[in-house]
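Take a look at the structure set out below.
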Amino acid sequence: MVELPRVLHVDAAREWRGGQNQVRLLAAGLRERGIEQALAVRPDSRLARECRALGVGVVGLRWRAALDPAAVWGLAREMARGRWNVVHAHSSHALQAALLGMSLAGTRAALVASRRLDFPLRSRAVWRRADLVLAVSGPVRRLLLEAGLEPARVRVIHDGVEMVARGPEPEGNLRRAAGAAAGELLVGTAGALVGHKDHATLLRAAALVLRSRPGTRFVIAGEGPERASLERLAAELGLEGRLALPGHVPDAARHLAELDLFVMSSSGEGLGSASLEAMAAGVAVVLTTAGGLVDVAGEGIPAVPPADPGALAAAMLELLADRDARDRVARVGLERVRGFSARAMADRTLEAYAAALRRGRLADHLARARERGRRHASARRRGDG
């Protein structure tokens with residue numbers, strides 16, 4: 001008889017970023033497939049609100065620190081109920097808490113962990129204890145293997161994107177923020193203002209583009225610790241009036257269709273789900289070859305080396321000068337992104353749960369066999385004595 005997964009998702013994040021949207025998409029996909037599940041998250045988080053709206057149960061955890069004892073005890077109490085046979089940790093902190101909670105509860109469930117970052121692992125021993133690790137891209141899988149994880153325990157499952165026909169939102173948030181008049185080309189991106197997104201390279205490339213196309217406008221939707229340094233760099237490059245940093249734009253993916261060109265200048269990226277959102281919106285994209293972006297870019301999608309403003313500017317200028325070329329890249333992107341649908345992501349994750357359950361049953365069988373062997377050996381020694 002096939003054992004159906006009963007899934008407890010664990011996510012420790014305060015903020016709403018791409019990873020939390022992926023948890024929402026996965027929960028929605030599993031709900032459509034009739035899978036029993038709940039989310040152990042901060043009860044006041046946006047992820048909790050989104051999942052309640054989907055009709056998915058929420059186990060509220062008062063997560064105040066990276067590895068909060070109260071959250072660990074809350075997980076232990078929930079796991080001790082014996083309801084869940086799969087625990088899916090969606091971050092490193094969630095994985096650590098899940099391991100401790102399972103230990104305190106004395107329960108055995110298949111433990112699945114998602115890895116969405118292309119940074120080297122800090123706690124290798126923690127990740128090696130997962131039954132299965134889901135890497136968001138091929139490059140992330142390679143990092144996990146370099147950290148010593150067994151190849152059979154690491155699967156690539158790309159982030160998913162909702163394949164919904166989109167057009168520019170009537171309020172035109174991005175164009176208005178950038179001060180883009182009718183007929184002016186708008187280049188933009190969306191993402192947290194953090195170091196590995198390397199928006200500084202995008203600003204330097206923008207300055208080069210403006211030498212040839214001074215009417216172009218640029219917008220970077222997002223907030224983060226790099227804002228002040230980016231504002232200083234923009235002033236040094238003379239981008240005032242041509243660059244907008246509007247901060248966090250709610251549901252930015254809905255507004256990407258306002259762009260004429262989407263650019264991702266990252267020097268490191270687990271996958272780059274914002275680029276998938278832009279492609280799904282029918283917008284031409286220019287990417288770098290950093291991290292998991294190589295899994296996104298295929299034939300016909302411009303991709304340049306990271307940290308190279310000249311190459312990035314050249315790729316942008318080629319598309320900005322040719323509407324037909326932009327339309328061609330947009331069509332290629334729209335076709336390619338179909339392979340990254342949220343539905344496909346949910347299906348592949350369900351297959352991973354089944355594999356983790358099989359691995360868990362095998363591990364239990366081997367553990368029982370080893371225990372029987374130890375008992376027999378001990379009995380023989382007593383008999384010899």
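A short reminder: the numbers here are calculations on the coordinates, not readings from a lab. This structure is a prediction, so every number in the text was calculated from the model and none was measured. Ideal geometry is used to build each Cβ from the backbone, glycine not excepted, and the neighbour counts take in all protein chains shown.
Loop-located GluC sites (Glu not before Pro) in the stretch 107-204 (DSSP state other than H, G, I, E, B) with a sparse environment of at most 11 neighbouring Cβ atoms within 10 Å: GLU171. Projected onto planes of every orientation and averaged, the convex hull of the alpha-carbon atoms in the stretch 71-185 covers 11.3 nm².
Computed over the alpha carbons of the stretch 309-356, Rg followed by Dmax gives 17.5, 50 Å. Counting 0.36 nm for each residue step from GLU15 to LEU208 and taking away their Cα separation leaves a gain of 66.1 nm.
Under 5 Å from the amide H of VAL286 lie the amide H atoms of PHE262, VAL263, MET264, each residue being 5 or more positions distant or on a separate chain, with H modelled from the backbone and absent for Pro and chain starts. In terms of overall dimensions, the chain has a Cα radius of gyration and Dmax of 23.6, 94 angstrom. For the stretch 1-139, the alpha-carbon radius of gyration amounts to 0.97 times the rule-of-thumb value 2.2 N^0.38 Å expected for a compact globular protein. Couplings 3J(HN,Hα) of the stretch 261-268, computed from phi: 7, 9, 10, 10, 9, 4, 9, x Hz, in residue order, whole Hz [Karplus 6.51 cos²θ - 1.76 cosθ + 1.60, θ = phi - 60°; x for Gly and Pro]. When the inverse distances between all different Cα atoms of the stretch 146-261 are averaged and flipped, the Kirkwood radius reads 15.9 angstrom. Sort the stretch 241-350 into rounded, prolate or oblate with this rule: let a ≥ b ≥ c be the square roots of the eigenvalues of the Cα gyration tensor; rounded if a/c is under 1.5, and if a/c is not under 1.5, prolate when a/b is larger than b/c, oblate otherwise. Judged from the Cα gyration tensor, the stretch 241-350 comes out rounded (a/c under 1.5). Spacing of the modelled spin labels on ARG176 and GLU231, each 7 Å from Cα toward Cβ, amounts to 2.2 nm.
Computed from phi, the 3J(HN,Hα) profile of the stretch 334-349 under the Karplus parametrisation 6.51, -1.76, 1.60 (θ = phi - 60°) reads 5, 5, 5, 5, 4, x, 10, 5, 4, 4, 5, 4, 5, 4, 5, 5 Hz, with x in place of Gly and Pro. For trypsin sites (Lys or Arg not before Pro), the sites in the stretch 94-197 that DSSP calls loop and that have at most 11 other Cβ atoms within 10 Å are ARG122. Each residue of the stretch 89-101 was assigned a 3J(HN,Hα) from its phi angle through the Karplus curve 6.51 cos²θ - 1.76 cosθ + 1.60 (θ = phi - 60°); the sequence is 8, 9, 6, 4, 5, 5, 5, 4, 5, 5, 4, 5, x Hz, with glycine and proline shown as x.
Overall shape: rounded for the stretch 173-340, with the ratio a/c of the largest to smallest alpha carbon gyration tensor axis below 1.5. Amide H to amide H, with H built 1.01 Å from N, GLU36 comes under 5 Å of VAL7, counting only residues 5 or more places away or on other chains. Placing unit charges on the Cβ atoms of the charged side chains and taking the dipole of the stretch 275-347 about its Cα centre, the candidate lying farthest along the positive direction among VAL329, PRO309, GLY339 is GLY339. Entry note, the stretch 173-340: relative contact order of 24 percent, from Cα contacts under 8 Å with a spacing of 6+ residues.
Note down the relative contact order for the chain as a percent, whole number, built from C-alpha pairs under 8 angstrom at least six residues apart. Answer for the chain is 15 percent. Which parts of the stretch 146-162 would a label at ALA125 reach, counting a residue when its backbone N lies under 16 Å from a point 7 Å out along Cα-to-Cβ? Answer for the stretch 146-162: 148-149. Equivalent-ellipsoid semi-axes for the stretch 192-231 (Cα gyration tensor, √(5λ), whole Å, largest first): 21, 10, 7.
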